Amino acid sequence: MKITFKTVFSSIISIFILLGCYYLIKNIPSFTPPVILVIEYSSYVIFGLGIALSIRFNQGRVFLITLLLILSQLFLNYYLELSINNSTYSQDLYSLMCLLIPLNIFTISHLKERGLFSLWGKIRITLLLIELFVIYKIAVSNNSIQKVLNYQLINLPLERTIINQTALAIFLFTLIYFIIKAYVKNSVFEVRLVGVIISIFTALYFINDKISFSIFLSASGLILIISIIEDSYSMAYLDELTGIPSRRALRENLMKLGNKYVIAMIDIDFFKKFNDKHGHDVGDDVLKLVASNLVKVTGGGKAFRYGGEEFTILFPGKSMNDVLPHLEKLREQVSKSGYTRKLSKAQNSKSKRGNLSQLFVTISIGVCEKNSTYKNSSDVTKGADKALYRAKKKGRNCVSK
């Protein structure tokens, strides 16, 4: 089980948001009426912002969940305006929403991200709207489905719990599923959904308290907005294939360097031939393997993907002599990190070593530091590029300065 910084960070954010909700509810008596009015309607503003951001960044799944939540809130808050009487609301509508909100979120989490404006995106939005319309028609009809909704699964002292047993079971199952998937498969999206499910459950539990209901729904919307921002940052600053900072992040870091630093340019040796021989899928896996080694570089270095098979490492505040031992160690580490691939049936029949094959790659490194000759980051980068060319002329798999 691998837990990354993003997973932990998303968990901490959700915890702080939920603690903030608890703090707000505890301090409601001390708030003035205008502040309470703002809090009561804050969820609509947050959901509206979430919808706008998800449209802007084409986040289909977040859009569907946000749309589901804002329409559900409108149903539950303005049921009288929709010609739904109090009896039908308490017996049917509320129970239906408690069942269908977690079920929908569970279903949406399994959908592949296909954006909003594709055919699939439009179909999903249409199906969600049809579902909510069917719920409305059930609620306005006189045929109560209370017995079905409030079916007792087991005998428990839950008479005081407003949410029925079936909905409780669905919420619990969905929460456990998201927790397991989040930390076993290291899925950041499911980490966020854990916070969303807890927020929604708490909001529905406090349905009779409009302020608490709005506060916890706002929390779910806020978690979704943060997820859009995090994903947008990742798309802008992280390389999609390797997961390490991209060239855009490199440019920003170059502007932050002081008067003493070293830049190393790294290139995978004979990568084009390797790619042509073994295929692009294996080539992509090798890029990931090399990147996973580069991020472990010691000596205070930070790795970036420069483009293609080239990478860059920045060493702020370091001299050439400081970083050379660490780069030599890195070069050796990469050369010993074999990539294990599964052979095809045709390849396996010719191999005497079973159906697995070990592939090895090496890297060449060019290093340059800021000095009187190389006065700015552009000059130092060009100097490191020239040193990389010299490393390749020497026979590759070496460090040159």
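Screening Tyr233 on (1) hydroxyl-bearing (Ser, Thr, Tyr); (2) buried (at least 18 other Cβ atoms within 10 Å of the Cβ); (3) free of Cβ contacts under 8 Å to residues at least 24 places away in the same chain shows it passes everything except condition (2).
Check Thr161, Thr202, Thr166 and return the single one that is farther than 16 Å from Leu93 by Cα, open to solvent by 10 Å² or more (accessible area, probe 1.4 Å) and modelled with pLDDT under 90. So that I can check it myself, show each step before the final result.
Values: Thr202 fails: modelled with pLDDT under 90; Thr166 fails: farther than 16 Å from Leu93 by Cα.
From the options Thr161, Thr202, Thr166, the qualifying one is Thr161.
Here Leu257 fits the description: within 21 Å of Leu324 (Cβ to Cβ) and either surrounded by fewer than 18 Cβ atoms within 10 Å (Cβ to Cβ) or aliphatic (A, V, I, L, M) (or both).
If you go through segment 363-376 and pick out every residue that is crowded, with 17+ Cβ neighbours inside 10 Å and modelled with pLDDT under 90, you end up with 1. A residue that is crowded, with 17+ Cβ neighbours inside 10 Å, assigned to a helix (DSSP H, G or I) and free of Cβ contacts under 8 Å to residues at least 60 places away in the same chain occurs somewhere in segment 103-116. The helices (runs of 4 or more DSSP H) found entirely in segment 207-301 that carry 1 or more residues being farther than 25 Å from Ser378 by Cα and either within 20 Å of the chain's Cα centre (by Cα) or not small (Gly, Ala, Ser) (or both) are 210-237, 271-278, 280-294. Residue count for segment 313-358 satisfying the condition of being part of a strand (DSSP E or B) and either modelled with pLDDT under 90 or open to solvent by less than 60 Å² (accessible area, probe 1.4 Å) (or both): 10. Pairs, please: C-beta under 6 Å, at least 6 apart or cross-chain, first residue free of Cβ contacts under 8 Å to residues at least 40 places away in the same chain and in segment 281-293, second assigned to a helix (DSSP H, G or I) and open to solvent by 10 Å² or more (accessible area, probe 1.4 Å)? Hits for this filter: Gly283/Asn275. Among the residues of segment 87-101, not one is farther than 17 Å from Val134 by Cα and touching a residue at least 24 places away in the same chain (Cβ under 8 Å).
Please enumerate the residues belonging to segment 169-199 that are in contact with an Asp or Glu (Cβ under 6 Å, 6 or more places away or on another chain) and either within 27 Å of Glu40 (Cβ to Cβ) or open to solvent by less than 20 Å² (accessible area, probe 1.4 Å) (or both). Break it down stepwise before answering.
Pass one, segment 169-199, residues in contact with an Asp or Glu (Cβ under 6 Å, 6 or more places away or on another chain): 178, 181-182.
Of everything in segment 169-199, those that are in contact with an Asp or Glu (Cβ under 6 Å, 6 or more places away or on another chain) and either within 27 Å of Glu40 (Cβ to Cβ) or open to solvent by less than 20 Å² (accessible area, probe 1.4 Å) (or both) turn out to be Phe178, Ala182.
Taking each residue of segment 356-378 that is over 21 Å from Tyr389 (Cβ atoms) and touching a residue at least 40 places away in the same chain (Cβ under 8 Å) and looking for partners that are open to solvent by less than 70 Å² (accessible area, probe 1.4 Å) and of a type in the set (A, V, I, L, M) with beta-carbon atoms closer than 8 Å, six or more apart or interchain, yields Leu359/Val282; Leu359/Val286.
The values are calculated or read from the model by the stated rules, or taken from the named source; none is laboratory data. Since we're looking at a predicted model, the values are computed, not measured. Positions of Cβ are generated from backbone atoms using ideal geometry, with glycine treated the same way; all protein chains shown enter the neighbour counts. Accessible surface is based on the protein model in full, side chains and every heavy atom, while ligands, DNA and RNA are left aside. Shrake-Rupley method; radii C 1.70, N 1.55, O 1.52, S 1.80 Å.
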